[in-house]
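A quick write-up on the structure given underneath.
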Amino acid sequence: MQVTWQTIITAAAVLSAFAALFKTYNKGYDWVKKQEDQEEAIAAIKQDQADIKAEQAILTMGILACLKGLSEQGCNGPVTEAINKIETHLNEKAHGA
């Protein structure tokens with residue numbers, strides 16, 4: 001077999017084609033991997049938000065219980081106003097207002 005310029009050019013063209021295919025495949029793979037990573041990050045953020053909402057609900061109920069306890073002991077004025085505001089807010093959120 002003789003090595004001619006045509007053989008060298010053909011071999012270089014074939015290697016270039018394989019390199020281009022490999023590069024395109026890697027770009028596609030990297031893009032898919034990035035999308036998967038973003039989906040995982042979004043899912044984690046959504047879970048964190050759900051946890052935060054649950055924690056806020058518990059804290060709100062605790063504050064409301066404390067305020068009602070103060071109200072039962074005779075503390076009025078700002079305590080009653082805070083109770084009314086919290087209950088109004090909870091009712092609005094519960095009914096989608």
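The values are calculated or read from the model by the stated rules, or taken from the named source; none is laboratory data. None of these values were measured; they are calculated from a predicted model. Neighbour counts are summed over all protein chains in view; Cβ atoms, including those assigned to glycine, are modelled from backbone coordinates with ideal geometry.
Quick notes on this structure:
- Residues of the stretch 67-89 satisfying the condition of being assigned to a helix (DSSP H, G or I) and either modelled with pLDDT under 90 or surrounded by fewer than 13 Cβ atoms within 10 Å (Cβ to Cβ) (or both): GLY69, GLU72, PRO78, GLU81, ASN84, LYS85, THR88, HIS89
- Of the residues LYS33, LYS46, the single one that is within 30 Å of LYS85 (Cβ to Cβ), out of contact with any Gly (no Cβ under 8 Å at 6 or more places or on another chain) and not polar (S, T, N, Q) is LYS46.
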